[in-house]
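For reference, the structure is listed below as structure tokens.
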There are 4 protein chains.
Amino acid sequence: MYKKNFMIAMIAAACLSTNALADDCSHSKWGHEDEIGAANYVTPEQVLAATNLVKKGESHGLGIVIEPGMPAFPPRFAQLQVLQPGQHYNNDTSKAFGWPMVYNDDVVQMWLGTGPQIDGLGHLGESNMFYNCNDGASFSDVKGLTKLGIEKIPPMIGRGVLLDMTSHFGVEAMDAGQAIMSSDIEAAAKAQGVTFKQGDVILMHTGWTDAKLKADPKAWVSGEPGISNEAAEYLASFNPMAVGSDTWGLEAVPPAEGDKVFYGHVTLLKKNGIYILETMNTGPLVEKGVNEFMFVLGQAKIKGAVQMIINPVAMW
Amino acid sequence: MYKKNFMIAMIAAACLSTNALADDCSHSKWGHEDEIGAANYVTPEQVLAATNLVKKGESHGLGIVIEPGMPAFPPRFAQLQVLQPGQHYNNDTSKAFGWPMVYNDDVVQMWLGTGPQIDGLGHLGESNMFYNCNDGASFSDVKGLTKLGIEKIPPMIGRGVLLDMTSHFGVEAMDAGQAIMSSDIEAAAKAQGVTFKQGDVILMHTGWTDAKLKADPKAWVSGEPGISNEAAEYLASFNPMAVGSDTWGLEAVPPAEGDKVFYGHVTLLKKNGIYILETMNTGPLVEKGVNEFMFVLGQAKIKGAVQMIINPVAMW
Amino acid sequence: MYKKNFMIAMIAAACLSTNALADDCSHSKWGHEDEIGAANYVTPEQVLAATNLVKKGESHGLGIVIEPGMPAFPPRFAQLQVLQPGQHYNNDTSKAFGWPMVYNDDVVQMWLGTGPQIDGLGHLGESNMFYNCNDGASFSDVKGLTKLGIEKIPPMIGRGVLLDMTSHFGVEAMDAGQAIMSSDIEAAAKAQGVTFKQGDVILMHTGWTDAKLKADPKAWVSGEPGISNEAAEYLASFNPMAVGSDTWGLEAVPPAEGDKVFYGHVTLLKKNGIYILETMNTGPLVEKGVNEFMFVLGQAKIKGAVQMIINPVAMW
Amino acid sequence: MYKKNFMIAMIAAACLSTNALADDCSHSKWGHEDEIGAANYVTPEQVLAATNLVKKGESHGLGIVIEPGMPAFPPRFAQLQVLQPGQHYNNDTSKAFGWPMVYNDDVVQMWLGTGPQIDGLGHLGESNMFYNCNDGASFSDVKGLTKLGIEKIPPMIGRGVLLDMTSHFGVEAMDAGQAIMSSDIEAAAKAQGVTFKQGDVILMHTGWTDAKLKADPKAWVSGEPGISNEAAEYLASFNPMAVGSDTWGLEAVPPAEGDKVFYGHVTLLKKNGIYILETMNTGPLVEKGVNEFMFVLGQAKIKGAVQMIINPVAMW
């Protein structure tokens, strides 16, 4: 028995040993055991308030179409094959099924961080430390995260608000590296009549994906407009459930002068348990003048996944 | 120029040539060009009516957790790897990013028909003919469906109703091959106070997955309780948007005496454009006594995919 | 018990039912049960004769490097990831292994027909009929071929000969669609002192891959120089074990006037059980003036695979 | 331009930064730049000497069959799908190709360390240091090793010798954890008339895979008989090109009393540049009484791969 289980025990030990905690770790306001962060804001009150935002009965899926072969943060990719098991070469399925059944099936090979996605709380950290003082080595098994996995997140239901940053900057689309500062958010919100409440999903439209994804795929993935480091802190101060944009990484790339690239992810995910939504299809909402809506996201729950391809539903 | 494009033209031709239409084809009531079938029921009226069903503000994700390695209709499978690109061997990410960024990423290899899933209208047909007189050969490209792909489906929002068939049959869980007849549906609906309206999502709880998936995975995937052929027609007569269950294939396997195995898929998908939802996590709704709710599904939109792993949200 | 095995029996039946044989089928000269065709030529005599060709002790691997992302016959692709399981975030592997072990592992997602490859006898047929009267539906299971799989092929050892068609045509590289006729083969062989014997591996150097793969990947995969339909028959008449080239598909694409595209595959694989070797790295042999050598191929034996990535060894 | 290339430069920097060298690093005897280690032994003299070992003209492929779903060192796996692109639903390929062409293609998702495999010199190290003072962080890119990749290895041609350890121990198959000491190797070699020369491929038959892979797959992968730490040093002292066995990991698991598990990999790969061959099909050679043969390995050359599935050819 010892011998039979030796390998498995060894591997398990290798994958899940725990390092010492970093000194600068602050536990979550939802408790030491919390794994879902700002999804805790989904209360009955928040759900009921959100349904009250649906006045016209209109809706929109915020996930762009994921095209196999589309660009993604390196080395991510997505590939799809459609198959017809057992139906080739005029094989008569009647013999097996009793009637001429035909069907398509499909297989994917993909990085879950391709296209429209939610960043789970186990996605990004600093100095090996992730949300709620979870040391990376303690939960990042190669077969799936043992904590902070995407399957832990309950349905994310709440109020969604949209800031049109193209209108704020007076452009059709923002440019790569163009930073959104807290002052821009404040001014745009004021001008567009948008307020922020605890538990909100805050989306920003930069025009980047609409302008570049098809027209110049390499440029699209090589940079992006987005929030500055201090804007991430400003947004976090409103205690939103999630922050998102129509870009592949939310933050300005290259970063603003003096900023750390992608450090807003630390502010949101690690320090505050706030989710990040990327490559959201915000253009149609801007076109229709919608800046407040009911937001509903039920992401497929692959156990231990870090991120997930999504298509949240906006209703107004 | 001719030479350069020869291969591409040839392949394209191979993948998309059109056979003669079958004689028995009936076009959709939504028109010859329709690709979304019963998702057409999602009107502003239906959305508004659905929001009115949310009274307590409670919610539940209907997708079970997809565990890599879990059983699935052969030869389907799912595998996941979690990686830390560029962060191995104590590599100091500060050199590249200017600060000690760490992150997990993830890759999947999977059949999209694994675990909780929506069957798109391009999934199953009869005699090479699919929904709305689409000949299989005309749209089933190996790189993705060119019609009826999962990315075409708009957010599915409506009224959800749940029938507890375990209560109807007086069992904890139905047995493999145990058929649900139209008379069972009628009786259960009456006893449980459930009515059916056009555009509804009709779910049935059999107890199968709760009882068998963990306890006996091989048995779980080798058979299932579910609707009979005539029950599929009965359900279709109410013009629902989708029909689903807590089983991997909705229908009784082995089929009821005289039934064609899986033929209810033809009745729903091909003949009526009604979606099928599989492996739905209905147990918690039964426990809470919820049989009417707002249903919201925004499935990730991989272009040309046949099926999609899902986690629809129920709110009541 | 019946119920438990119902699905499996049904699927098995679906995948392996047998259609009626085509009228025009001719069985292999190696018998009705033969699955390896011209690999039957590997006799002790042939092996010994081949070793006698090694006079200088020099060697060359005929497989080009397979670069993830390289072009391939659509929709084929190859992707690779290198991982370090359990070694992230400064995880101390000493805890599990007792010493600071570190290791890289790797995962691929790929079509086996990418880059240098052998076409097995189950790869290509005509009118649903493959080598030795094997109906496609009878052995082409989605989980792997049940006959003619790549794992059946014994080590392919024999005499290799190389024809330099660039020298014959007086070009650095042949052009896409430029056909090699039997008369070209005959003339080149005569001029270059090459003879053909039963059981040989006959390779042709066109210069196509050296000229185009890096310089113009799209052009490389969109066409190619290669043998005509009658040249395939001419080559088959020598009873070789395999025929190959430095192109992705051996045959001229677009085909010669009046030829059927890829029909040489039928002549070689289906009608004669002769293997096809593609994207062979013949350039270095031409540079060194080597046109006769010992050929050794041991392909990795994935059960049921149709093709296999290879790197045969030439020694002289 | 700066902006366009920002991401790519950043990623490249992240993946390939160099840490300080460990103090205890010894460079290879083949020079500071060497990446192929003991494959340097493949000289014309060695190749010619090897061909002289072929006396009967018999041959054997040393790779066992890789069955999709077979056990492997966790979390490795292999999956295969066979497809018929564009040939479903009675699609008439004549329209595209001008004749009724049919063909099978295949896709794999697999860890390259599944089944019969060669461990490249970039596979395993100690304290982040690999062969020839290569720091793991400096060459282990997630998209492929930038040094020590499997594609660098030239054809491995030489003398192969086989020790039958089952005969030495008087068993049909050795047991998991049963260690092969240097004294065992010495005694077996003497009794079986086997000598060791520089550049040899030394294989040991333990009977483990023949006895356990099919009969008890879980036991097979949970432990294995194999060499002790000091036996690895003893074998290395003969300067072989490769050392291999019919087990999945060459070394005793659990390790011998006082040994470090898998540390023989460090002795062979890192310290001496000697390749490791795993899951070799040695049984048939033992049956035929073959213990000296010509060894030829041409592994498929995926750029940056760490390991590779193989089928080396033995000829005698």
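Association of chains C and D removes close to 6700 square angstrom of accessible area from solvent, both sides included, for a probe radius of 1.4 Å. Centre-to-centre, using Cα atoms only, segment A:246-268 and segment D:162-195 are separated by 61 Å.
Accessible surface calculations at 1.4 Å, restricted to protein heavy atoms, place chain D at 31 Å² per residue.
In order along segment B:218-223, the phi-based Karplus estimate (6.51 cos²θ - 1.76 cosθ + 1.60, θ = phi - 60°) of 3J(HN,Hα) comes to 5, 5, 4, 8, 8, x Hz; Gly and Pro are listed as x. The modelled label-to-label distance between residue A:40 and residue B:215, using points 7 Å beyond Cα along the C-beta direction, is 3.6 nm. Our coupling estimate for segment C:255-263, obtained by passing each phi through the Karplus curve with A = 6.51, B = -1.76, C = 1.60 and θ = phi - 60°, is x, 4, 3, x, 7, 8, 5, 6, 5 Hz, Gly and Pro reported as x. In the assembly of identical copies, residue C:187 has its label point, taken 7 Å from Cα in the direction of the beta carbon, separated from the corresponding points by 7.1, 7.6, 8.7 nm (ascending, one decimal).
Each other residue within a Cβ distance under 12 Å of residue B:211 adds +1 if Lys or Arg and -1 if Asp or Glu, for a net charge of -4. Computed over segment C:97-151, the convex hull of the alpha-carbon atoms projects to a mean area of 6.4 nm².
Each Cα pair of the protein assembly as shown feeds into the Kirkwood radius, which the Stokes-Einstein equation turns, at 20 °C and 1.002 mPa s, into a diffusion coefficient of 67 µm²/s.
Sorted from nearest, the other copies put their residue C:215 label points 3.5, 6.0, 6.9 nm away, the label point being 7 Å from Cα in the direction of Cβ. Per-residue surface analysis assigns residue D:210 an accessible area of about 100 Å², computed on protein heavy atoms at 1.4 Å probe radius.
Distance from the axis that maps chain C onto chain A is least for the Cβ of the chain C residue given, with the whole Å value, as C:109, 2. Here's how it looks for residue C:281: its modeled amide H is under 5 Å from those of C:63, C:64, which are all 5 or more places away or on a different chain. The value obtained for segment C:249-299, namely the Cα convex hull volume divided by the number of residues, is 129 Å³ per residue. Shortest first, residue C:55 label-point distances to identical copies amount to 2.6, 9.3, 9.6 nm, with the label point at 7 Å from Cα along Cα→Cβ. Note on segment A:222-316: antiparallel DSSP beta bridges, both residues inside, total approximately 50 percent of the bridges counted.
Using the basic label-point model (7 angstrom from Cα toward the beta carbon), what is the residue D:198 to residue A:56 distance in nanometres? In this crude label model, residue D:198 to residue A:56 measures out at 8.3 nm. Calculated mean residue ellipticity at 222 nm for the protein assembly as shown: -6000 deg cm²/dmol, from DSSP H runs with n ≥ 4 weighted as -39500 (n - 2.57), summed, divided by the residue count and rounded to 500. At q = 0.10, 0.24, 0.25 Å⁻¹, what is the base-10 log of I(q)/I(0) for segment D:212-316 according to the Debye formula with one equal point scatterer per Cα and no solvent? Please give it to two decimals. Each listed q corresponds, in turn, to -0.32, -1.41, -1.42.
Which net charge results when you count Lys and Arg as +1 and Asp and Glu as -1 among the other residues whose beta-carbon is under 11 Å from that of residue D:259? After counting each charged neighbour, the total is -2.
Close amide-amide hydrogen proximity is noted between residue B:69 and B:78, each under 5 Å apart and 5 or more residues distant or on a separate chain (H modeled in the peptide plane; Pro and chain starts excluded). So if I average 1/r over every pair of distinct C-alpha atoms in segment A:119-183 and take the inverse, what Kirkwood radius in Å does that give? Hydrodynamic radius (Kirkwood, Cα only) of segment A:119-183 equals 15.3 Å.
For a bin width of 5 Å, list the pair-distance distribution of segment D:24-117 built from all Cα-Cα distances, rounded to whole %. Computed distribution, short to long bins: 2, 9, 10, 8, 9, 11, 14, 15, 8, 6, 5, 2, 1, 0.
Per the Cα gyration tensor, chain B maps to an equivalent ellipsoid with semi-axes of 33, 28, 20 Å, ordered largest to smallest. Lysines near residue C:152 by alpha-carbon distance under 23 Å, same-chain residues fewer than 8 away left out - which ones? Here the lysines satisfying the reach criterion relative to residue C:152 are C:29, C:143, C:270, C:271, C:301, C:303, D:56, D:212, D:214, D:288, D:301.
Rounded to the nearest 20, the size of the Cβ-charge dipole of segment B:202-258 about its Cα centre is 240 debye, with Lys and Arg at +1 and Asp and Glu at -1. Largest first, the extents of the alpha carbon coordinates of segment A:80-207 on the three principal axes equal 69, 42, 30 Å. Less than 5 angstrom separates the built amide H of residue A:135 from those of A:130, all sequence-distant by 5 or more or on a different chain.
The values are calculated or read from the model by the stated rules, or taken from the named source; none is laboratory data. Note that this is a predicted model, so its numbers are computed, not measured. Cβ: placed from backbone, ideal geometry, glycine included. Neighbour counts: every protein chain shown. For the accessible areas, the whole protein counts, side chains as well, though only heavy atoms, and no ligand, DNA or RNA atoms are used. Shrake-Rupley method; radii C 1.70, N 1.55, O 1.52, S 1.80 Å.
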